[in-house]
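Read through the structure below, which is laid out as structure tokens, and then see the notes.
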Amino acid sequence: MPAVPSCLLKPVRDQFLTLLPEREDRHPLGCHNPRIADEVVFDRLVQVLVFGCGYERAADEHCSATALRRRRDEWIKLGVMEDLRLLVLSAYDRMIGLDLDHLVADGCTTQAPGGAGRSPVDRGKQGLKRSQLTQAQDIPLVTEPASANTRDHTLLPAALDAYSRLGDASGPLPQHPRPGLDAGYDYRPVRDDLAARGIAARITPRGEKVSIQAGGRWVVERTNSWLNNFGKLRRCTERRKTAVEFYIALACIFVTVRHLIRRAWTHALPLGHPTPHTPPPMTYWRTL
């Protein structure tokens, strides 16, 4: 049984394989061990992402843990996972539309295997922090990883720089977006950086109790919860930032494709297509 439903795994895997460059076997003797199929390795890496298990647990006699790590590093070097993430965002923008005028940013801290620090208020905590920037429909736009003891407001400039580069995938970006930020971003350097970018953000003042619904900040909290459902992000054991970014991009791809399929049921239904509340006839499934 696959780690994710086949309706998500198959289209993502097929599109990922099309982005891989054609590989030529240049072994002079042609007698070395045959290369493991890319789709087999991709499915195993999806298991590692979803279950959060080690590579040895996902390996078997057909695909070793060393092969998983080597193929992961090969794909990281090619940058195909980030290309696929941008391609998925572009597809969502064409079919549903990205509401880039309303952005929400927040940080999310996850534990390391050894715990999350000596106390909840200790800045020496261990683990991983994700600086998350989403849009109004919970779609993750930018996810910047950092160490858990990094303050949220120091990661915002890097997230905004990555957001400005999304124009190549989603088309022209709005000139004056209005991101919603919580009290963790109420600092003078943040306000000066936003003013230099021409961004008028809605920042919750420090010391003021505001509900999570204020400014639509619950959107990014739900996105963080979706990403925490992936075991590799909930308890990350990777030591290299590039490997962390690889799994974050893969998790964002699944979140976006799942959201796209759900929105397509109500926003892009062709004539005669079964609705979400009406079971489709058997003849419909035979035509897929």
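The values are calculated or read from the model by the stated rules, or taken from the named source; none is laboratory data. These figures come from a predicted structure and were not determined experimentally. Don't worry about glycine lacking a Cβ; one is built from the backbone with ideal geometry, like all the others, and counts go over all protein chains shown. Calculation scope for accessible area: heavy atoms of the full protein, side chains included, ligands and nucleic acids excluded. Shrake-Rupley method; radii C 1.70, N 1.55, O 1.52, S 1.80 Å.
Can Asp14 be described as of a type outside the set (S, T, N, Q) and either crowded, with 16+ Cβ neighbours inside 10 Å or farther than 23 Å from Arg235 by Cβ (or both)?
Yes, satisfied.
All but one of (1) among the hydroxyl-bearing types (Ser, Thr, Tyr); (2) open to solvent by less than 20 Å² (accessible area, probe 1.4 Å); (3) without any contact (Cβ under 8 Å) to a residue 60 or more places away in the chain hold for Thr66; which doesn't?
Here Thr66 clears every test but (2).
For segment 208-221, which residues satisfy the criterion of being open to solvent by less than 90 Å² (accessible area, probe 1.4 Å) and either farther than 13 Å from His102 by Cβ or at pLDDT 75 or above (or both)?
Hits for segment 208-221 are Val210, Ser211, Ile212, Ala214, Arg217, Val219, Val220, Glu221.
Quick check, is Leu8 open to solvent by 60 Å² or more (accessible area, probe 1.4 Å), modelled with pLDDT of 85 or more, more than 27 Å from Gln111 (Cα to Cα) and not in a loop (DSSP other than H, G, I, E, B)?
no
Could you list, in sequence order, the residues of segment 182-198 that are outside any helix (DSSP H, G or I) and surrounded by fewer than 16 Cβ atoms within 10 Å (Cβ to Cβ)?
Of everything in segment 182-198, just one residue is outside any helix (DSSP H, G or I) and surrounded by fewer than 16 Cβ atoms within 10 Å (Cβ to Cβ), namely Gly198.
Checking the condition assigned to a helix (DSSP H, G or I), under 30 Å from Gly184 (Cα atoms), open to solvent by 20 Å² or more (accessible area, probe 1.4 Å) and modelled with pLDDT of 85 or more, which residue from Glu56, Glu82 passes?
It is Glu82.
Going through segment 20-49 one residue at a time, which ones are out of contact with any Pro (no Cβ under 9 Å at 6 or more places or on another chain), in contact (Cβ under 8 Å) with a residue 40 or more places away in the chain and part of a helix (DSSP H, G or I)?
Leu45, Val48, Leu49
Out of the residues in segment 91-114 that are in a helix (DSSP H, G or I) and open to solvent by 20 Å² or more (accessible area, probe 1.4 Å), state the one that is modelled with the highest pLDDT.
Ala91
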